[in-house]
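Trainee: Before I ask anything, here is the structure I am working with.
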Amino acid sequence: MKILLSVLLFSFLTSGCTKHENMPLNTDTSITQPITGGSTFSYLALGDSYTIGEAVKQAESFPYQLQSQLKDKNIRVANPKIIAVTGWTTDELQAGIKKENLSGTYDFVTLLIGVNNQYRGYPLSTYRKEFAELLQKAIAFAGGDVRKVFVISIPDWGATPFGKNSGRDTQVIAAEIDSFNAANQEITAAAGVNYTNITPASRNAATDAALVAGDGLHPSGKMYGQWADALLTKVAAVLK
């Protein structure tokens with residue numbers, strides 16, 4: 001039974017690696033053009049399965065929870081424009097952004113990418129280069145205003161039930177995730193962009209099953225809520 005569960009969960013992580021060309025580039029099509037300024041703010045979310053909210057309801061994903069929390073502060077934000085697919089690496093996110101052919105700017109942008117680079121064993125040097133390029137794209141989408149870009153660290157998937165049953169050393173996973181995060185944090189700081197480190201809290205999934213979605217791999221709505229909490233004050237300060 002344990003072997004069967006591991007095989008099924010493996011398919012969740014890698015589905016985007018093999019089938020991403022058949023998946024939609026964003027989970028919300030209600031916004032065809034950015035809405036900048038005025039009484040409604042626009043939000044662009046760039047990433048992978050963690051931005052989509054794989055295995056949870058859309059409303060439980062961190063972009064939508066952040067939108068809801070901002071609304072509670074009387075800050076109206078349109079439904080997030082999401083460019084993300086489960087399994088995407090940095091180069092695939094670059095290709096996805098290019099395919100979307102976005103025009104205009106957004107009132108704020110979030111960027112969370114890199115877990116699949118680590119999972120597939122891609123070189124850290126490649127990640128550094130492509131993450132830096134993606135960060136510059138995010139800044140451009142924010143109208144060149146670095147205050148309106150928010151980078152989120154990569155969570156540690158090794159702390160999940162899938163990670164424990166994957167046959168891979170969870171300490172090695174953790175060390176590699178830390179290396180990727182050290183790189184993206186350094187690049188983010190050099191660009192003057194805000195950085196939110198959710199990785200230590202993501203490791204609480206090792207002892208709190210409520211932080212993991214039903215697939216045993218991705219974050220639950222509860223964990224995504226923690227990410228939204230961590231972003232809320234920072235984003236609200238910029239929009240106000």
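Trainee: Just wondering, is there one or more residues in the stretch 146-166 that are surrounded by fewer than 23 Cβ atoms within 10 Å (Cβ to Cβ), at pLDDT 95 or above and under 26 Å from A236 (Cβ atoms)?
Mentor: The answer is yes; a qualifying residue exists.
Trainee: Among the residues of the stretch 41-59, write down those that are closer than 19 Å to K240 by Cα and in a strand (DSSP E or B).
Mentor: F41, Y43, L44
Trainee: May I pose another question? Inspect all residues belonging to the stretch 182-192 and state whether any of them is touching an Asp or Glu at 6+ places or on another chain (Cβ under 7 Å), over 29 Å from L239 (Cβ atoms) and in a helix (DSSP H, G or I). Steps first, answer last, please.
Mentor: Filtering the stretch 182-192 down to residues touching an Asp or Glu at 6+ places or on another chain (Cβ under 7 Å) leaves none.
Taking every residue of the stretch 182-192 in turn, none turns out to be touching an Asp or Glu at 6+ places or on another chain (Cβ under 7 Å), over 29 Å from L239 (Cβ atoms) and in a helix (DSSP H, G or I).
Trainee: Hey, S11 hits all of (1) within 28 Å of E130 (Cβ to Cβ); (2) at pLDDT 95 or above; (3) out of contact with any Phe, Trp or Tyr (no Cβ under 8 Å at 6 or more places or on another chain); (4) part of a helix (DSSP H, G or I) but one; which does it fall short on?
Mentor: (2)
Trainee: Out of the stretch 161-210, which residues are of a type in the set (G, A, S) and under 20 Å from G221 (Cβ atoms)?
Mentor: Hits for the stretch 161-210 are G163, A201, S202, A205, A206, A209, A210.
Trainee: Moving to a separate point now. Answer yes or no: is there a residue in the stretch 137-144 that is touching a strand residue (DSSP E or B) at 6+ places or on another chain (Cβ under 7 Å) and of a type in the set (G, A, S).
Mentor: Yes, the stretch 137-144 contains a residue that is touching a strand residue (DSSP E or B) at 6+ places or on another chain (Cβ under 7 Å) and of a type in the set (G, A, S).
Trainee: If you go through the stretch 137-174 one residue at a time, how many are in a loop (DSSP other than H, G, I, E, B) and within 25 Å of G214 (Cβ to Cβ)?
Mentor: Total meeting the criteria: 9.
Trainee: Then there's this: Go through the stretch 193-217 and count every residue that is assigned to a helix (DSSP H, G or I), of a type in the set (G, A, S) and over 16 Å from the mean Cα position of the chain (by Cα).
Mentor: Looking only at the stretch 193-217, we keep the residues that are assigned to a helix (DSSP H, G or I), and these are 199-206, 209-211.
Next, from what is left, pick out any that are of a type in the set (G, A, S): 201-202, 205-206, 209-210.
Retained after the next criterion (residues that are over 16 Å from the mean Cα position of the chain (by Cα)): 205-206, 209-210.
Counting residues in the stretch 193-217 that are assigned to a helix (DSSP H, G or I), of a type in the set (G, A, S) and over 16 Å from the mean Cα position of the chain (by Cα) gives 4.
Trainee: In the stretch 187-237, how many residues are surrounded by fewer than 20 Cβ atoms within 10 Å (Cβ to Cβ), β-branched (V, I, T) and out of contact with any strand residue (DSSP E or B) (no Cβ under 6 Å at 6 or more places or on another chain)?
Mentor: 3
Trainee: Out of all the residues in the stretch 173-182, is one or more hydroxyl-bearing (S, T, Y), closer than 21 Å to N117 by Cβ, in contact (Cβ under 8 Å) with a residue 24 or more places away in the chain and surrounded by 16 or more Cβ atoms within 10 Å (Cβ to Cβ)?
Mentor: No: the stretch 173-182 contains no residue that is hydroxyl-bearing (S, T, Y), closer than 21 Å to N117 by Cβ, in contact (Cβ under 8 Å) with a residue 24 or more places away in the chain and surrounded by 16 or more Cβ atoms within 10 Å (Cβ to Cβ).
The values are calculated or read from the model by the stated rules, or taken from the named source; none is laboratory data. Just so we're clear, the structure is a prediction, and the values are computed from it rather than from any experiment. For neighbour counting, all protein chains shown are included, and Cβ atoms are generated from backbone atoms with ideal geometry for every residue, glycine included.
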